[in-house]
Amino acid sequence: MSEFLPDFRLVRPQSLDQAITALQSEPGARLCAGGTDIIVNMRRGLVEVETLVDLSGIADLKTLDLDGNALRIGAGVTLRELAQHPGLIGPYQAIAQAAGLVAGPGHRQVATLGGNLCLDTRCLYYNQSHWWRKANDFCLKYHGDICHVAPKGNRCRAAFSGDMAPALMVLDASVEIIGPDGARRVPLAKLYREDGTDFLMLKPGEILTAVHVPVQRGKSTYDKIRVRGAVDFPLAGVAVAWRQDADGAHLFQLAVTGTNSMPINVDIPAPLGKDEDPDPYFATLEKLVQKAVSPQRTSTIAPHYRRLSVSALASRLARALI
Ligand SMILES: Cc1cc2nc3c(=O)[nH]c(=O)nc-3n(C[C@H](O)[C@H](O)[C@H](O)COP(=O)(O)OP(=O)(O)OC[C@H]3O[C@@H](n4cnc5c(N)ncnc54)[C@H](O)[C@@H]3O)c2cc1C
Ligand code: SF4
């Protein structure tokens with residue numbers, strides 16, 4: 001297989017109904033939004049696509065409504081729009097920050113929220129050329145029968161590395177999905193499962209159409225650890241949302257990407273009391289993060305380093321919010 005983009009058929013629906021029909025009727029059809037993930041993967045021979053259903057002509061997917069503080073973002077809204085949106089501040093700041101940290105400016109101009117939430121999982125042994133993978137007998141995620149990361153296991157550990165999911169999960173976001181059986185809405189955290197090959201809970205023919213964020217109080221923030229500061233996927237990314245209860249105690253919600261095959265919520269059982277010493281509290285928070293994440297040998301950076309650095313990042317971000 002060459003490193004050229006293979007032939008495929010392109011369908012450009014103008015409505016969601018047309019897109020659903022195209023997904024059902026076209027053999028081997030896959031969705032394409034900005035194309036910054038799927039086109040790269042097609043060129044590398046990671047996915048075999050006969051027909052691409054291009055969502056970029058569907059106007060309904062491109063609206064963002066910030067109404068009385070509740071937020072609805074269409075799946076086709078670009079990351080550039082999110083990063084620059086004047087309303088995404090305070091409790092919504094993590095959304096704009098995460099969007100602004102995805103890839104480079106050229107990618108963000110076309111890359112969409114929907115594509116980011118559904119982006120393929122990544123691994124050192126998978127995001128390689130066809131000849132490299134063939135020389136290594138492929139792996140469970142693509143036509144092989146072994147996992148090079150965890151050879152004794154029977155599940156792919158490739159890492160979900162989208163920046164947007166944790167930023168939305170800490171705000172209790174839910175996603176709108178439409179498909180051949182109608183529309184449904186599920187919490188964003190329930191869109192994913194811990195399986196690098198089959199990480200999305202979307203049914204065949206379904207399209208993610210929008211993200212809803214309920215009314216928020218407080219503040220939120222997002223940051224990531226990456227090898228190259230300018231353009232790179234997160235080795236780990238952390239979102240934290242903060243608010244105070246009626247007694248002035250500090251409540252945190254925390255979510256992480258890049259360490260597991262799905263973005264994960266980290267359970268923070270107790271608030272930090274108004275007059276409590278923060279140091280022991282944040283030491284416990286770091287331990288909770290270390291226990292919750294499960295980085296594997298899916299990148300060149302050692303799992304233990306990622307485990308320690310994600311917990312340090314989490315406590316740094318949480319401290320900065322109070
Ligand atoms: C050099 C480089 C650096 C990158 N760095 C980062 C990074 O730092 N962080 C990061 O998160 N990503 C990164 N990416 C990946 C990618 O650019 C982004 O994740 C982007 O947001 C993907 O959005 P898209 O619209 O281009 O998705 P597409 O490529 O169009 O689609 C991605 C996947 O989602 C599916 N899909 C798209 N829209 C929908 C929908 N509405 N419903 C259901 N499925 C859908 C597609 O079928 C495909 O499987 C990088 C990519 C490159 C090439
Ligand atoms: S985690 Fe294992 S199965 Fe999954 S892509 Fe990497 S080597 Fe392949």
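The values are calculated or read from the model by the stated rules, or taken from the named source; none is laboratory data. A quick note: this is a predicted structure, and the numbers were derived from the prediction, not measured. Heads up, the Cβs are rebuilt from the backbone with ideal geometry, glycines too, and the neighbour counts pull from every protein chain shown. Surface areas here come from the heavy atoms of the whole protein model, side chains and all, with no ligands, DNA or RNA. Shrake-Rupley method; radii C 1.70, N 1.55, O 1.52, S 1.80 Å.
Points to keep in mind about this one:
- Potential extension, Val231-Asp247 segment - 0.36 nm per residue separation minus Cα distance: 1.5 nm
- Considering only Val170, Gly68, Val186, and ranking their Cα positions along the charge dipole of the chain that arises from unit charges at the beta-carbon of Lys, Arg, Asp and Glu, the one farthest toward the positive end is Val170.
- Rolling a 1.4 Å probe over the heavy atoms of the protein chains gives the chain an accessible area of 46 Å² per residue.
- Theoretical gain in end-to-end length, Lys134 to Glu48 [0.36 nm per residue, Cα-Cα removed]: 29.4 nm
- All lysines inside 20 Å of Lys274 as judged from Cα atoms, apart from same-chain residues fewer than 8 positions distant: Lys219
- Applying 1/(1 + (r/R0)^6) with R0 = 45 Å to the Cβ-Cβ distance of Asp279 and Ile146 gives a FRET efficiency near 0.50.
- Packing, as the average of other Cβ atoms within 10 Å across residues, places the peptides 236-248, 99-111 in the order 236-248, 99-111, highest first.
- Taking a straight line from the alpha carbon of Lys291, these lysines sit under 24 Å away, with near neighbours fewer than eight places off in the same chain left out: Lys152, Lys190, Lys224.
- Projected label points at Asp267 and Val215, each 7 Å from Cα along the beta carbon direction, are separated by 3.0 nanometres.
- Each Lys and Arg contributes +1 and each Asp and Glu -1, all at the Cβ; summed about the Cα centre of the chain, the dipole is approximately 760 debye.
- Relative frequency of Cα-Cα separations exceeding 22 Å in segment 70-192, percent: 48
- The distance between label points at Asn41 and Asp198 comes to 1.6 nm (points 7 Å beyond Cα on the Cα→Cβ vector).
- Placing pseudo-labels 7 Å out from each Cα toward the beta carbon at Ala312 and Lys291 gives an inter-label distance of 2.2 nm.
- Straight-distance crosslink candidates among aspartates and glutamates, where the alpha carbon sits under 17 Å from Lys203 and sequence neighbours closer than 8 are dropped: Asp17, Glu26, Asp120, Glu176, Asp181, Glu194, Asp195
- Surface/4 of the Cα convex hull for segment 1-57, nm²: 3.6
- log10 of Debye I(q)/I(0), alpha-carbon scatterers only, for the chain at 0.14, 0.15 Å⁻¹: -1.11, -1.26
- Look at the alpha carbon pairs under 8 Å that are at least 6 residues apart: their mean separation over the length of the chain gives a relative contact order of 16 percent.
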